[in-house]
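In what follows, a single structure is set out as structure tokens and then discussed.
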Amino acid sequence: MKTHTLALAISFAFIGAYANAQEANEKEIWGAIFAEHYSVYPEKFEPNTAYDSGLGWGAEIGMKLNPSWGFRFEFAKLDLDAERGSGNITGERIGVDALYFIEQSNYYIFAGLKNQRLDESYRMADLGLGAHWHINDKWKVVTELAGYYDFGQGNPEYSAKLGLAYSFGKTASKGVTKDSDNDGVIDQRDLCPNTPYGTAVDVDGCTLKAMDSDNDGVVDGQDQCANTPINDKIDVKGCSVFTDESLTMSLKILFDNNSSMLTNIDVESVDEFVAFMRRYGTTNAVIEGYASAPGTDEYNMQLSVERAKAVRQYLIDQHGINGERLEAVGYGETKLLDKANTREANKKNRRIEAHVTATVKIAVTK
């Protein structure tokens, strides 16, 4: 008896010291007192003496090393009732158990070695199922069912335990690290349990508000056009709304009298015209040649055609415009800009006009 008491005292001292050392690591350490109903093997003791179930009480101190594993030391006093023969028999049980918490929950399986001292010492193995029912962060109710095997006699015995435990220092968050709703946030941190499977959640396990990264009024999950300009009008798919608009570019070149030679080219206007043709590659241009009034109609018609062809070839040779996109047409003196019979009027009328129109999409603003 003295040996058992000393061993128990040493165990309590060891665990108490270890609790203080490990508190910063947030390992759960608990102490508990309990009462139990103990069923002994009826003919365990001397002949003609049989014992029935009895009551016991005791204490334990344990440590949860991680969410799945722990261990504990236990001491119990037993008081067994005699069915026949001598009176009650009392004794104690001392031992150690390893605990495995099922799926890191409050339920655990335990197994260990015990030394039971009644009329003599009995060395036993135990196996059982228990649960920690949390009242709050510090207090919990302990329930257990256990079976015992006596190595010496091979007799089975059983017990049922009910206790009250207190957790020292920081606890292991009730030992629960499950994610019941599978949202990626473990239960003890989940402020919104039971969110539908597949729902996007924040760090607290609550449904994320719909994101609209480009602030166009269409949430990202439905937005088929990311990063639309803030001032664009958008449709239900989050894409900018466009309207068709016609852009026109004109080219004018003047010629000397009775000449189709390109001697006085406005380089800036030609470059703008060529840039437009290159940007809108599906457009075509009609190059129109004209002549002034002096001379016969036939001559002026032929001269205007030659002027249009000269400009067309210039655009092909010098600027690489595809010839299939350029048409040369002569109008002679049929479309005079100035009908006066003056040198200045004749100069205006000796000309080339080229026009090209492209239809482009312009974003509609809000």
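Quick notes on this structure:
- With viscosity 1.306 mPa s and temperature 10 °C, the Kirkwood radius over alpha carbon pairs of segment 174-259 converts through Stokes-Einstein to a diffusion coefficient of 89 µm²/s.
- Cβ-Cβ FRET estimate between R117 and V141, R0 fixed at 35 Å, reported to 0.05: 0.75
- Cα→Cβ-extended label distance, 7 Å offset, between K339 and D297, nm: 1.6 nm
- Chain lengthening between K252 and Y166 when straightened (0.36 nm per residue, less Cα-Cα): 21.1 nm
- Sequence-distant aspartates and glutamates (8 or more away, or on other chains) whose Cα lies within less than 13 Å of K252: D266, E268, D271, E272, E288, E353
- Exceedance of the 32 Å cut-off in Cα-Cα distance is limited, within the set K44/K138; K178/K237; K138/K178; K335/K361, to K44/K138; K178/K237; K335/K361.
- When you count the other C-beta atoms within 10 angstrom of each residue and take the mean per peptide, 182-190, 307-315, 94-102 line up highest first as 307-315, 94-102, 182-190.
- Protein accessible area in the chain, 1.4 Å probe - carbon and sulfur %: 54 percent
- Rounded to the nearest 20, the Cβ-based charge dipole of the chain about its Cα centre (Lys and Arg +1, Asp and Glu -1) stands at 920 debye.
- T365 paired with I316, simple spin-label distance in nm, labels 7 Å along Cα-to-beta-carbon: 4.4 nm
- The A35 and C192 beta-carbon pair, evaluated with R₀ = 51 Å, returns a calculated FRET efficiency of approximately 0.80.
- Only aspartates and glutamates eight or more places from K233 in sequence, or on another chain, were considered; those with a Cα closer than 16 Å are D212, D214, D216, D223, D244.
- The length gained on full extension between K237 and N88, counted as 0.36 nm times the residue separation minus their Cα-Cα distance, comes to 45.1 nm.
- The helix-only estimate of mean residue ellipticity at 222 nm for the chain, built from DSSP H runs of length n ≥ 4 each weighted as -39500 (n - 2.57), is -6000 deg cm²/dmol after division by the residue total.
- Segment 215-231 and segment 106-162: distance between their alpha carbon centers, rounded to Å: 63 Å
- Per residue value of the accessible surface for segment 108-217 (all protein chains in place, 1.4 Å probe), Å²: 57 Å²
- Calculated from the structure at hand, volume of the Cα convex hull per residue in Å³ is found among (1) 139; (2) 130; (3) 236 as (3).
The values are calculated or read from the model by the stated rules, or taken from the named source; none is laboratory data. On a predicted model such as this, the values are computed, not experimentally measured, just so you know. Virtual Cβ from ideal backbone geometry, glycine too; neighbours counted across all protein chains shown. Surface accessibility is based on the protein's heavy atoms, side chains included, excluding ligands, DNA and RNA. Shrake-Rupley method; radii C 1.70, N 1.55, O 1.52, S 1.80 Å.
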